[in-house]
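Participant: Below is a structure I'd like to ask you about.
A short reminder: the numbers here are calculations on the coordinates, not readings from a lab. All values reported here derive from a predicted model rather than from experimental measurement. Neighbour counts run over all protein chains shown; Cβ positions are idealised from the backbone, glycine included.
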Amino acid sequence: MLGTDIIKLLRKERDLKVIKATHEELDITLEDEVSDFISRHTPDIIINCAAYTNVDKCETEREKAFKVNALGPKYIASAAKECGARIIHVSTDFVFDGNSDRPYLEEDQTNPLSEYARTKLEGERYIQDYCDSFLIVRTSWLFGHHGTNFVEKMLELAGHKKELSIVTDETGSPTYTADLAEALWVLIKKGCEGIFHVSNEGCCSRYEWAKYIFETQGYNIKVNPIKSSQYKRPAIVPLNSTLNCQKLTTSTGIRMRPWEDALKEYLENKND
Ligand SMILES: NC(=O)c1ccc[n+]([C@@H]2O[C@H](COP(=O)([O-])OP(=O)(O)OC[C@H]3O[C@@H](n4cnc5c(N)ncnc54)[C@H](OP(=O)(O)O)[C@@H]3O)[C@@H](O)[C@H]2O)c1
């Protein structure tokens, strides 16, 4: 989702040569191939959007999760250092345990609860260990036009269900990948370094998010509120993973728009 939107955005920049590396073109778990690809192209900037993002499957496919989310970033970081490229890496709100009663700051204590989150945090650490200068952007609850996401799942279910049960005690900030891509590009242009939190403004529960999707799309579907303890899934996820994005605003002047506005635009553009 995010990679495609970033490519689309960067290709509008006339003075920029953009090299796309899909999974087919480059497997980031193969150290020699990563090194060859990067030394062949000698980029100034590398943006890593690749990840194994199926949070539940990471619980059973632990080796794959570690390879893609931790070793991949390590190989990219090492090759970036070799050729002097700046590295931009995307990470997740799930590095936190969700027990905070306020939105998370960049320097807050991490405490990942799942295999996905643990491997993503290891990826962050490799980036920091290998590169003197790096940008790590943690984001949350992504939706975008080029992949599966919560919005699409809800719309698909609404097409054939009359009633759904959705959790009320898992809170976060839905974030449109097109908005995230723009913010990332501004952070890069301004030469920002370190860890930044970037998500659309505001937060909601999964239940509120689903209700909002159904209401704006005119679906008359009954949504039952349930607790996450009633919804059994393989991975443990943080209950409140809302990110504080003040550092982004202070450093760049960007204020992310509310998630509701971003979602409306996403839904309007869905069939373009
Ligand atoms: N989705 C969310 O809600 C969310 C929330 C917070 C943070 N994030 C982070 O944001 C970033 C972008 O997420 P996204 O949702 O846009 O991801 P996505 O749609 O799942 O895309 C991930 C991409 O990585 C590729 N990939 C997987 N294994 C690879 C490998 N070994 N080598 C090269 N490419 C590989 C996938 O290709 P295949 O499909 O062919 O495997 C896919 O194209 C990730 O770092 C993710 O952890 C996501």
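Participant: Rounded if a/c is under 1.5, else prolate if a/b beats b/c, else oblate: with a ≥ b ≥ c from the C-alpha gyration tensor eigenvalues square-rooted, which is the range 1-64?
Facilitator: oblate
Participant: Here is a follow-up. When DSSP assigns beta bridges and you keep just the ones with both residues in the chain, what percent turn out antiparallel, to the nearest 5?
Facilitator: 10 percent
Participant: Which lysines does Lys17 reach when only Cα atoms under 27 Å apart count, and residues fewer than 8 places away in its own chain are ignored?
Facilitator: Correct list for Lys17: Lys8, Lys74, Lys81, Lys189, Lys190.
Participant: Between Asp272 and Leu16, what is 0.36 nm times their sequence separation minus the Cα-Cα distance? Round to one decimal in nm. Mind showing how you got there, number by number?
Facilitator: Values: separation 256, 0.36 × 256 = 92.16 nm, distance 2.62 nm.
Difference between extended and current length: 89.5 nm.
Participant: Would you mind calculating the relative contact order of the chain from Cα pairs under 8 angstrom and at least 6 residues apart, reporting the percent as a whole number?
Facilitator: Normalised by residue count, the contact order of the chain is 22 percent.
Participant: Next question. Please give the helix 177-189 orientation as an angle from the longest Cα principal axis of the chain, in degrees from 0 to 90, rounded to the nearest 10.
Facilitator: The two axes meet at around 30 degrees.
Participant: Now a separate question. Fewest Cβ neighbours within 10 Å first, please rank Arg102, Arg257 accordingly.
Facilitator: Ascending number of Cβ neighbours within 10 Å: Arg102, Arg257.
Participant: Determine which residues of the range 221-265 fall in the zone a paramagnetic label at Lys161 would reach in this model, i.e. backbone nitrogen under 15 Å from the point 7 Å along Cα→Cβ.
Facilitator: 221-228, 230-233
Participant: Let me ask you something else. Kindly identify the range 42-119 as rounded, prolate or oblate by the Cα gyration tensor criterion: order the square roots of the eigenvalues as a ≥ b ≥ c, call it rounded if a/c is under 1.5, otherwise compare a/b with b/c, prolate if a/b is larger, else oblate. It would help to have the intermediate numbers written out before the result.
Facilitator: On the way: a/c = 2.90, a/b = 1.42, b/c = 2.04.
Oblate shape, in that a/c is at least 1.5 and b/c is the bigger or equal ratio.
Participant: Sorting check: for 21-34, 38-51, which peptide has the highest mean count of neighbouring beta carbons within 10 Å, and how do the rest follow?
Facilitator: Packing proxy ranking, top to bottom: 38-51, 21-34.
Participant: Whole-Å semi-axes of the chain's equivalent ellipsoid, largest first, each the root of 5 times a Cα gyration tensor eigenvalue?
Facilitator: They are 31, 21, 18 Å, listed largest first.
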